[in-house]
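Enquirer: Quick one: this structure, given as structure tokens, is what I'll be asking you about.
Readers should treat all values here as calculations from the given coordinates under stated rules, not as data from a laboratory. The model shown is predicted, which means the values in this text are computed figures rather than measured ones. Note: ideal-geometry Cβ built from the backbone for every residue, glycine included; neighbour counts use all protein chains shown.
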Amino acid sequence: MKTVILAGGAGTRLSEETDAKPKPMVEIGGRPVLWHIMKHYAFYGFNEFIVALGYRGDVVRRYFLDFAVFRNHLTIDLDSGSVASRQKVPLEPWRVHLIETGESTNTGGRLLQLKQLLEGERFFLTYGDGVSNINLPELLEFHAAHRRAATVTAVRPPARFGGLELEDDRVIAFTEKAQVVEGWINGGFFVFEPAIFEYLNADSDSLEYDALAALAADDQLRAYRHTDFWQCMDTLRDVRYLQALWHASNPPWKLWD
């Protein structure tokens with residue numbers, strides 16, 4: 001199965017990091033969060049990726065072009081200009097398709113532009129700015145069992161503010177919870193059937209507000225509940241939180257060795 005990663009947004013809420021690069025290239029532990037997401041899928045044996053580019057797509061292209069070059073021995077013939085790469089270390093067993101989908105294209109439009117690469121196939125899709133320890137084979141099994149066009153992973157939203165327990169004007173308790181205990185949100189990590197393309201028409205289409213809303217109305221959308229670790233990377237605070245987890249022992253999304 002192929003995995004689509006939406007990596008074309010500008011990341012305006014993370015402008016401290018995204019003025020010069022797209023959000024999926026913001027680094028956690030010295031590696032882009034995009035790499036972390038791909039390592040997660042590859043851990044379960046899903047090694048073919050289609051990355052939908054937009055804002056600063058050149059940064060993503062350069063990263064993958066340089067990926068092998070800077071990890072291998074090189075022989076450079078300065079007279080002819082030829083460059084020969086001699087593998088030094090094992091590289092990732094990934095096949096990566098980098099597809100330019102336009103800076104102003106909406107999420108559904110980006111997926112629509114990938115139709116020729118995906119037509120007739122079941123595929124994964126996720127956003128390029130969130131990490132999780134979701135069990136992907138279990139997600140896939142859930143999707144297959146329900147026989148619908150789409151499955152979305154439902155997660156508990158992380159709490160962004162400390163909770164206060166008040167008695168009149170007196171604070172009797174202050175809590176900083178990792179997640180809220182009520183409500184579910186779209187955590188990404190989708191599985192789609194080819195029928196998803198029947199719900200997309202133009203570059204301006206939103207995957208969430210157009211396609212998913214219509215799928216839900218047609219009873220073609222199911223939710224896989226994931227109650228373990230999930231974290232988006234929307235703000236500088238999120239980046240710092242993920243950095244802290246990475247540098248502590250056993251970051252929860254690092255399933256690989």
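Enquirer: Would you work out which of L65, T107, F124 lies farthest towards the positive end of the dipole of region 65-128, given +1 charges on the beta-carbon of Lys and Arg and -1 on that of Asp and Glu, about the Cα centre?
Expert: F124
Enquirer: Take every Cα pair under 8 Å in the chain that's 6+ residues apart, average their separations, divide by the length, and report that relative contact order as a whole percent. Each step should come with its number before you reach the end.
Expert: On the way: 451 pairs, mean separation 62.8, N = 257.
Relative CO of the chain lands at 24 percent.
Enquirer: Counting only helical runs of four or more DSSP H residues, what would the 222 nm mean residue ellipticity of the chain come to if each run contributes -39,500 (n - 2.57) and the total is spread over all its residues? Kindly include the intermediate steps, with their values, before the conclusion.
Expert: Values: 8 runs with 66 residues, N = 257.
Taking each H run of at least 4 residues, the total per residue is -7000 deg cm²/dmol.
Enquirer: Expressed in nm to one decimal, what extension gain is obtained for the pair D218 and H73 from 0.36 nm per residue of sequence separation less their Cα-Cα distance?
Expert: Working: separation 145, 0.36 × 145 = 52.20 nm, distance 5.47 nm.
Extra length available between D218 and H73 comes to 46.7 nm.
Enquirer: Picking from H146, F46, L200, whose Cα lies most toward the positive end of the charge dipole for the chain (charges on Cβ: Lys, Arg +1; Asp, Glu -1)?
Expert: F46
Enquirer: Sticking with this one: Full extension from A144 to K254: what is 0.36 nm times the residue separation minus their Cα-Cα distance, to one decimal in nm?
Expert: Values: separation 110, 0.36 × 110 = 39.60 nm, distance 2.61 nm.
That pair, A144 and K254, stretches by 37.0 nm at full extension.
Enquirer: Relative to the Cα centre, what is the charge dipole magnitude of the chain, using +1 at the beta carbon of each Lys and Arg, -1 at the beta carbon of each Asp and Glu, and rounding to the nearest 20 debye?
Expert: Around 740 debye, computed over the chain.
Enquirer: Let me ask something else about it. Amide H neighbours of N133 under 5 Å, counting only residues 5+ apart in sequence or on other chains, H built in-plane at 1.01 Å?
Expert: Residues meeting the amide H criterion: F229.
Enquirer: Of the GluC sites (Glu not before Pro) in region 82-146, which ones lie in a loop per DSSP and count no more than 12 other C-beta atoms within 10 Å?
Expert: Details: sites: E100, E103, E119, E121, E138, E141; in loops: E103, E119, E121.
In loop regions of region 82-146 (DSSP not H, G, I, E or B), the sparsely surrounded GluC sites (Glu not before Pro) are E119, E121.
Enquirer: I've got another one for you. Spelling out what I want: for every residue of region 75-81, take phi, set θ = phi - 60°, compute 6.51 cos²θ - 1.76 cosθ + 1.60 (Karplus), and round to whole Hz; glycine and proline get x.
Expert: 10, 10, 8, 5, 6, 8, x
Enquirer: Who wins for biggest fluctuation among V155, V59, V131 in a Gaussian network model of the chain, springs between alpha carbons below 10 Å?
Expert: Comparing V155, V59, V131 in the GNM, the peak value goes to V59.
Enquirer: For helix 136-146, report the angle its Cα long axis makes with the longest principal axis of the Cα atoms of the chain; keep it between 0 and 90° and round to the nearest 10°.
Expert: With rounding to tens, the tilt is 70 degrees.
Enquirer: So how far apart, in nm, are the two label points at D228 and Q116 if each is 7 Å from Cα heading toward Cβ?
Expert: 3.9 nm
Enquirer: Long-range amide H contacts for Y44: which residues qualify at under 5 Å (H placed 1.01 Å from N, peptide plane, sequence gap of 5 or more or a different chain)?
Expert: Correct list: empty.
Enquirer: Let me ask something else about it. Can you work out ³J(HN,Hα) from phi for every residue in region 112-123, in order, using Karplus 6.51 cos²θ - 1.76 cosθ + 1.60 and θ = phi - 60°, giving whole Hz and x for Gly and Pro?
Expert: Per-residue couplings from phi come out as 4, 5, 9, 3, 5, 7, 10, 4, x, 10, 6, 8 Hz.
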